[in-house]
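Visitor: I have a structure here, written as structure tokens, and I will follow up with some questions on it.
The values are calculated or read from the model by the stated rules, or taken from the named source; none is laboratory data. Quick caveat: nothing in here was measured; it's all calculated off a predicted structure. Here the Cβ is made from the backbone with ideal geometry for all residues, glycine too, and neighbour counts use every protein chain on show. These accessible areas exclude ligands, DNA and RNA; they are computed on the full protein's heavy atoms, side chains included. Shrake-Rupley method; radii C 1.70, N 1.55, O 1.52, S 1.80 Å.
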Amino acid sequence: IYMFVYILFAMLGSYTLSKRGLRFTVILAATLNAVSTWIRFCGAYFIHQSPAKFIVVLLGQGVSSLTNAFVLQVPPSVAVSWFGAHERAKATAIGILFNQAGIAVGFMLSPALAKQPSDIPSLLLVQASMCTGIFLVLLPIFEDHPPRPPSTASIQRRSPPFISSLKDVIKNPSYVLLVLSFGIVIGVFYGISTLLDQILQPYGYDSEDSGLFGMLIVIAGIVGSIIAGILGDKFHKYKEMIIVSFACATICFVWFALQLPHKESIAIAICFSLMGFFLTGAVPIGLGNLHNFQLFRT
């Protein structure tokens, strides 16, 4: 349900950011995130009948999925609003980095706190407390723009009408090709990440192994995001960087499929690390490049 809801509401996230601005979008995302975690906790802790418990927890997961539609719009927009032209790739990479760092914490925290089904409410309470704390920090301090514009271009930039902008980018073959290639490869990657436990269990791996492999994906992705941001700002070879990243990631996918039946834990760990490095490293470059299609119109 997580990825499905994101697909349905991704355009709503873009529209909200375009019409209501960065602060409103971030606060809305933080609010939905906090609410979703409390819904899941209440469903797991207070409801004891199985069908009702499942429905409430699923509702909370659906709200959390809706949050994702707003959160993923934020890093490139923050980069454009708060940073100069030669800092935006690094700024986007840092935004993606902390998103991935949160996922890494989840991979480590979940197996540690929920060793058996009865521990799940405690895990959800910790998640709800963390998300509520983030909301309370963001509410008084986060702003749409910095006190001083980072560049003259950021002062002159005006967002075009949402529908008009959408029509223009859809008619752009380069944009459509980038969206399709980026979406397919990243979709496969997140599919593997989401179903990691189910993929590995038939081959003798347990939940702790899945958590470790997931953590390796994220840590390597953080390193890849930092390197990609630095190289992107220095050389501006975005197309070449995306091609190299996707080609290397494709090789990693094939290697993973070939190694999995042999139960070689070290090889699988290296494979996941390389996957995270190349694909997560491509995310800030891809998002920044997609965002540039709108900037070029202004």
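Visitor: Based on the Cβ-Cβ distance from residue 20 to residue 180, what FRET efficiency comes out when R0 is 51 Å, to the nearest 0.05?
Guide: Working from the Cβ atoms, E equals 0.95.
Visitor: Would you list which lysines come within 26 Å of residue 239, measuring only between C-alpha atoms, while excluding same-chain residues fewer than 8 positions from it?
Guide: 90, 167, 171
Visitor: If I compute solvent accessible area with a 1.4 Å probe over the protein chains, what percent of it on segment 169-220 is carbon and sulfur?
Guide: Working: 1920 of 2790 Å².
Accessible surface attributable to carbon and sulfur in segment 169-220 totals 69 percent.
Visitor: Would you calculate, for the chain, the mean residue ellipticity at 222 nm contributed by helices, counting each DSSP H stretch of 4 or more residues as -39,500 (n - 2.57) and dividing by all residues, to the nearest 500?
Guide: Here the helix-only value at 222 nm equals -28000 deg cm²/dmol.
Visitor: Given [x] 17.6; [y] 16.1; [z] 40.4, which label gives mean projected area of the Cα convex hull in nm² as computed from the coordinates?
Guide: [y]
Visitor: Remind me, relative contact order of the chain in percent, using alpha carbon pairs under 8 angstrom and six or more residues apart?
Guide: Normalised by residue count, the contact order of the chain is 23 percent.
Visitor: Quick check: at a probe of 1.4 Å, how many percent of the accessible area of segment 18-91 sits on carbon and sulfur atoms? Please list the in-between numbers first.
Guide: Details: 2440 of 3490 Å².
Of the solvent-accessible surface of segment 18-91, carbon and sulfur hold 70 percent.
Visitor: Cα-Cα pairs above 22 Å in segment 1-141: how many percent?
Guide: Working: 4302 of 9870 pairs.
So the pairs more than 22 Å apart make up 44 percent of the total in segment 1-141.
Visitor: While we're looking at this one, here's another question. Which listed residue (26, 64, 265) has the Cα farthest towards the positive end of the charge dipole for the chain, taking +1 on Lys and Arg C-beta and -1 on Asp and Glu C-beta about the Cα centre?
Guide: Among 26, 64, 265, the one farthest towards the positive end of the dipole of the chain is 26.
Visitor: If 176, 283 are ordered by their accessible area, calculated over protein heavy atoms with a 1.4 Å probe, which sequence runs from highest to lowest? Walk me through the numbers on the way to the answer.
Guide: On the way: 176 55, 283 20 Å².
I get 176, 283, largest accessible area first.
Visitor: If you don't mind, there's one more thing I want to ask. Could you give the accessible area per residue of segment 185-249, probe 1.4 Å, as a whole number in Å²?
Guide: Per-residue value: 49 Å².
Visitor: Still on this model: Apply the Karplus parameterisation 6.51 cos²θ - 1.76 cosθ + 1.60, with θ equal to phi minus 60°, to every residue of segment 226-231 and state each ³J(HN,Hα) to the nearest whole Hz, in sequence, with x for glycine and proline.
Guide: Residue by residue, segment 226-231 yields 4, 5, 4, x, 5, 5 Hz.
Visitor: I need the shape label for segment 207-246. Rule: rounded when a/c is under 1.5, else prolate if a/b > b/c, else oblate, with a, b, c from the alpha carbon gyration tensor. Kindly include the intermediate steps, with their values, before the conclusion.
Guide: Details: a/c = 7.10, a/b = 2.58, b/c = 2.75.
The shape class here is oblate.
Visitor: What list of ³J(HN,Hα) values in whole Hz, one per residue of segment 20-35 in order, does the Karplus curve 6.51 cos²θ - 1.76 cosθ + 1.60 (θ = phi - 60°) give from phi, with Gly and Pro shown as x?
Guide: My calculation for segment 20-35 gives 9, x, 6, 4, 4, 5, 5, 5, 4, 4, 5, 5, 4, 5, 5, 4 Hz in order.
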